[in-house]
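Peer 1: First the structure, then my questions, so here it is.
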Amino acid sequence: MTNLEKYRQAFVTALNADEQKLDDLKYQDIPEWDSVGHMSLVAELEDAFDIEMETDDIIDFSSYQKGIEILKKYHVEI
Amino acid sequence: MTDNAPIRLDREGIYQVLKNRDPLLFVDDVLVEPGKGSWMERTIPADAWFFACHFPGDPMMPGVLQLETLFQTSALAIKLLDGYKDKTTNIAQITGARFSGHIRPGDTISVSTQIHRFRHGVAAISGEIHVGETLCCAADFVLAVLDDMPGMKRGME
């Protein structure tokens, strides 16, 4: 599985998000991406990429696209 | 309290960590493995308040109270972690629930819950209630500790 596939799968697993609509997805765009869903998403990504995200990054993770940018800090290229 | 050793809690011990009280307290004498899971056997009193109204002449424990039993039992496995005793667990999500057997007055239920992941204040949990060999209730759900979610917009508050 590529990093992109892992990244997208995390959104589907944690948020039950429609994979066809991920590219423009933002925090709270869908009911599932609330504060609890957000933490589930972070945990999925940490498991998928074997990383531990810092609190500031968890808070800044405001969209699908922003997440790609943040993961670069952890040497994960999507 | 440690993260590893199983702990047995009687009603007095439960009062120290859970805010629930009768008639909405459904746990007693629970074996807890902090951060991992919890187990309980409990006989449902024949005169429990809900049997008279659910249903007259055909008493059975309501499904919603079976779920609450799972929530309370599993919450103990979080609240016995170091630093969590005074934090509140909220039910945040039920991802699946199945009911396949009735719980009748005087039945002894066996409750087991397992915490699959607890990170950033979000616990993914599954639980089951059996009467004898019969599976009565199985559920997958999420408990959230809002105190562990600093900086997030807290829609649940």
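Peer 1: Using a probe radius of 1.4 Å on protein heavy atoms only, what is the accessible area buried between chains B and A, both sides summed, to the nearest 100 Å²?
Peer 2: About 1300 Å² of accessible surface is lost on pairing.
Peer 1: On to the next question. Quick one: what does P(r) look like for the stretch B:1-131 with 10 Å bins over all Cα pairs, in whole %?
Peer 2: Each 10 Å bin holds this share of Cα pairs: 12, 45, 32, 10, 1.
Peer 1: How large is the charge dipole for the stretch A:3-72, taken about the Cα centre, if only the Cβ atoms of Lys, Arg (+1) and Asp, Glu (-1) carry charge, to the nearest 20 debye?
Peer 2: Roughly 200 debye, rounded to the nearest 20.
Peer 1: So, with a 1.4 angstrom probe, what is the percent of accessible area on chain B that is carbon and sulfur?
Peer 2: 52 percent
Peer 1: Can you figure out the FRET efficiency of A:SER63 with B:ASP86, using R₀ = 35 Å and their beta-carbon distance, to the nearest 0.05?
Peer 2: My answer for the efficiency is 0.50.
Peer 1: Still on this structure, please answer the following. Taking the C-alpha atoms of chain A, how large are the radius of gyration and the largest Cα-Cα span, Dmax, in Å?
Peer 2: My reading of the Cα-based Rg and Dmax gives 11.0, 30 Å.
Peer 1: Ignoring ligands, DNA and RNA, what accessible area per residue does the protein assembly as shown give at 1.4 Å, in Å²?
Peer 2: 50 Å²
Peer 1: Relative contact order (percent) for chain B, with alpha-carbon contacts under 8 angstrom and 6 or more residues of separation?
Peer 2: 24 percent
Peer 1: Place +1 on the Cβ of every Lys and Arg and -1 on the Cβ of every Asp and Glu in the protein assembly as shown, take the dipole about the Cα centre, and give the residue among B:GLY57, B:ASN20, B:PRO105 whose Cα lies farthest towards its positive end.
Peer 2: About the Cα centre, the residue reaching furthest to the positive side is B:GLY57.
Peer 1: So what is the relative contact order of chain A, in percent, for Cα pairs below 8 Å that sit 6 or more residues apart?
Peer 2: 34 percent
Peer 1: Please name whichever of B:ASN90, B:LEU9, B:ALA138 sits farthest to the positive end of the charge dipole of chain B, dipole taken about the Cα centre and charges placed at Cβ: Lys and Arg +1, Asp and Glu -1.
Peer 2: Toward the positive end, the furthest listed residue is B:ASN90.
Peer 1: Quick one: putting +1 on the C-beta of Lys and Arg, -1 on the C-beta of Asp and Glu, what dipole do you get for the stretch B:7-148 around its Cα centre, in Debye to the nearest 20?
Peer 2: 340 debye
Peer 1: Using the Karplus curve 6.51 cos²θ - 1.76 cosθ + 1.60 with θ = phi - 60°, work out ³J(HN,Hα) for each residue of the stretch B:132-147 in order, rounded to whole Hz, and write x for Gly and Pro.
Peer 2: With coefficients 6.51, -1.76 and 1.60, one gets x, 8, 8, 7, 9, 8, 9, 8, 10, 8, 10, 9, 10, 10, 5, 4 Hz.
Peer 1: Over the stretch B:1-81, what is the mean sequence separation of C-alpha contacts under 8 Å (at least six apart), divided by residue count, expressed as relative contact order in percent?
Peer 2: Answer for the stretch B:1-81 is 38 percent.
Peer 1: Pairs of lysines 8 or more apart, or on different chains, with alpha carbons under 26 Å: count those in the protein assembly as shown, would you?
Peer 2: Value for the protein assembly as shown: 28.
Peer 1: While we're on this one: Within the stretch B:97-123, find all residues whose amide N lies under 20 Å from a label point positioned 7 Å from the Cα of B:ALA46 along Cα-to-beta-carbon.
Peer 2: Inside the label zone: B:102-110.
Peer 1: Can I ask one more? Mind checking the mean number of beta-carbon atoms from other chains within 10 Å of the Cβ atoms in B:108-121?
Peer 2: 2
Peer 1: Turning to a different aspect of this structure: Tell me the Kirkwood radius of the protein assembly as shown: reciprocal of the mean inverse pair distance over distinct alpha-carbon atoms, in Å.
Peer 2: Answer for the protein assembly as shown: a Kirkwood hydrodynamic radius of 19.2 Å.
The values are calculated or read from the model by the stated rules, or taken from the named source; none is laboratory data. Just so we're clear, the structure is a prediction, and the values are computed from it rather than from any experiment. We place every Cβ from the backbone using ideal geometry, glycine too, and count neighbours over all the protein chains shown. These area figures cover heavy atoms from the full protein model, side chains too; ligands, DNA and RNA do not enter into them. Shrake-Rupley method; radii C 1.70, N 1.55, O 1.52, S 1.80 Å.
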